[in-house]
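The values are calculated or read from the model by the stated rules, or taken from the named source; none is laboratory data. The shown structure was predicted, so the numbers you read here are calculated from the model rather than taken from an experiment. All Cβ positions, glycine included, derive from the backbone under ideal geometry; neighbour counts span all protein chains shown. Surface accessibility is based on the protein's heavy atoms, side chains included, excluding ligands, DNA and RNA. Shrake-Rupley method; radii C 1.70, N 1.55, O 1.52, S 1.80 Å.
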Amino acid sequence: WPLVLRMSHQVALGINFLNSLSPPLLHLDLEAQQTCCWTPSLNTKSSQNFGLAKIYHSSSSASRADSAEGGTIDYMPPEAFQGDRYKPSKASDIYSYSILLWSILAWRRPYQCGLSSLVRLKVPQGQRPSLEELRSESRPEEEELPALIHLMKRCWDGQPSERPTSEECATEAERVFVRHRQEIVDAV
């Protein structure tokens, strides 16, 4: 559990770092396979081949290339399925973080049985991975789970403007992780 909490926090820190650059860098392919524990102490690093990453531009200066769809379907925000109207933003990475957070907590990929065409149809209609699956996992109920679920639900809001900032995500994830910081050495 301490490693799960640290991973959730470290991924949020990585997104906040990229989104805080000037100009901001959008990851646009944040998903489980892009998140690795490479260090001997199992610290989490977000990898990226930067084939999909984009420098964020305001909507008035976004180029046609900036609206191209990219990323892993299961982690893409609902607005990505709007075709030509989609302009990636910081909120796109926040949505992807929510689905990655679900994957970290469930320890599996979202929509495992879903076809990409169904994901494209259902996600814009409000469907998200099951929260019941998180509560029914065969592990002791952790007091931090409701806080992480609350953060996840805020991050996967259907309206990009309603999603928290990357800084808010990092702060909330740290608030949950800090209670278990001393347990990391034993967990590793």
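Each residue in region 10-23 was checked for being more than 17 Å from R163 (Cα to Cα) and either among the aromatic types (F, W, Y) or in contact with a helix residue (DSSP H, G or I) (Cβ under 7 Å, 6 or more places away or on another chain) (or both), and 1 pass.
Answer with yes or no whether L3 is farther than 23 Å from S117 by Cβ, open to solvent by 40 Å² or more (accessible area, probe 1.4 Å) and modelled with pLDDT of 90 or more. Criteria not met by L3.
Contact map, region 1-27: residues that are closer than 17 Å to F177 by Cα paired with residues that are open to solvent by 30 Å² or more (accessible area, probe 1.4 Å) and not hydrophobic (A, V, I, L, M, F, W, C), Cβ distance under 6 Å, separation 6+ or inter-chain. Pairs shown: W1/E142; P2/E183; H9/E174; G14/S46; N16/E167.
Filtered by the rule that a residue be assigned to a helix (DSSP H, G or I) and closer than 14 Å to P77 by Cα, region 160-173 gives P160, S161, E162. Against the numbered list (1) surrounded by fewer than 19 Cβ atoms within 10 Å (Cβ to Cβ); (2) of a type in the set (S, T, N, Q); (3) modelled with pLDDT of 85 or more, S92 comes up short only at (1). Is it the case that Y86 is within 22 Å of N19 (Cβ to Cβ) and at pLDDT below 95? In short, yes.
Are any residues in region 142-156 assigned to a loop (DSSP other than H, G, I, E, B) and either open to solvent by 50 Å² or more (accessible area, probe 1.4 Å) or within 24 Å of P88 (Cα to Cα) (or both), and if so, which ones?
Answer for region 142-156, where residues must be assigned to a loop (DSSP other than H, G, I, E, B) and either open to solvent by 50 Å² or more (accessible area, probe 1.4 Å) or within 24 Å of P88 (Cα to Cα) (or both): E143, W156.
Pick from region 174-188 the residues that are assigned to a helix (DSSP H, G or I) and among the hydrophobic types (A, V, I, L, M, F, W, C): which of them is most open to solvent (accessible area, probe 1.4 Å)? Per the stated criteria, the residue is V185.
A single entry from Y111, Y86, Y97 fulfils the requirement of being among the hydroxyl-bearing types (S, T, Y) and more than 22 Å from V11 (Cα to Cα): Y86.
Residues are listed down the side, and each one gets a yes or a no for (1) among the basic types (K, R); (2) open to solvent by 20 Å² or more (accessible area, probe 1.4 Å); (3) assigned to a loop (DSSP other than H, G, I, E, B); (4) more than 22 Å from L3 (Cα to Cα):
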| position | (1), (2), (3), (4) |
| --- | --- |
| I104 | no, no, no, no |
| R120 | yes, yes, no, yes |
| R128 | yes, yes, yes, yes |
| G158 | no, yes, yes, yes |
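Among residues of region 105-117 that are hydroxyl-bearing (S, T, Y), those with a Cβ under 7 angstrom from a residue that is crowded, with 17+ Cβ neighbours inside 10 Å, sequence gap 6+ or separate chain, pair up as Y111/D74; Y111/V119; Y111/P129; S116/I73.
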